[in-house]
1. Test residue 3 against the criterion of being at pLDDT below 85, in a helix (DSSP H, G or I), open to solvent by 70 Å² or more (accessible area, probe 1.4 Å) and among the hydrophobic types (A, V, I, L, M, F, W, C), and give yes or no.
2. Any idea how many residues of region 10-36 are open to solvent by 70 Å² or more (accessible area, probe 1.4 Å), in a helix (DSSP H, G or I) and at pLDDT below 85?
3. Mind listing just one residue for me: the one in region 58-78 that is of a type in the set (Gly, Ala, Ser) and open to solvent by less than 50 Å² (accessible area, probe 1.4 Å) and, of those, nearest to residue 29 (Cα to Cα)?
4. Quick one: is residue 39 at pLDDT below 85 and surrounded by 10 or more Cβ atoms within 10 Å (Cβ to Cβ)?
Amino acid sequence: PGLLLLAFALGTSATRSARATDPLSAYEYSEWLAHSLALVEREYVTPPDFEKLRAGALRGMVEGLDPHSAFLSREDLE
């Protein structure tokens, strides 16, 4: 499963490098995210926990902004 994701990511970045100066549109990002999720769902060893995937995606997006940002789940806040 990890190799498939790596291959998918490499293919995506190769496509993006041709137009690296263009920002990824919301539509393109949504399409990329949907394809990635479908790949995980189809190829991962066990059925994924989509709540964990969603929280992980949000956590990675927010924490990637800067060293001072963090995603807090409802449970984290309590």
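1. So residue 3 passes the test.
2. Adding up the residues that qualify gives 5.
3. 60
4. No; evaluated as a whole, the condition is false for this residue.
The values are calculated or read from the model by the stated rules, or taken from the named source; none is laboratory data. These numbers were taken from a predicted model, which means no experiment stands behind them. For neighbour counting, all protein chains shown are included, and Cβ atoms are generated from backbone atoms with ideal geometry for every residue, glycine included. Just the protein is used for accessible areas: all its heavy atoms, side chains included, with ligands, DNA and RNA removed. Shrake-Rupley method; radii C 1.70, N 1.55, O 1.52, S 1.80 Å.
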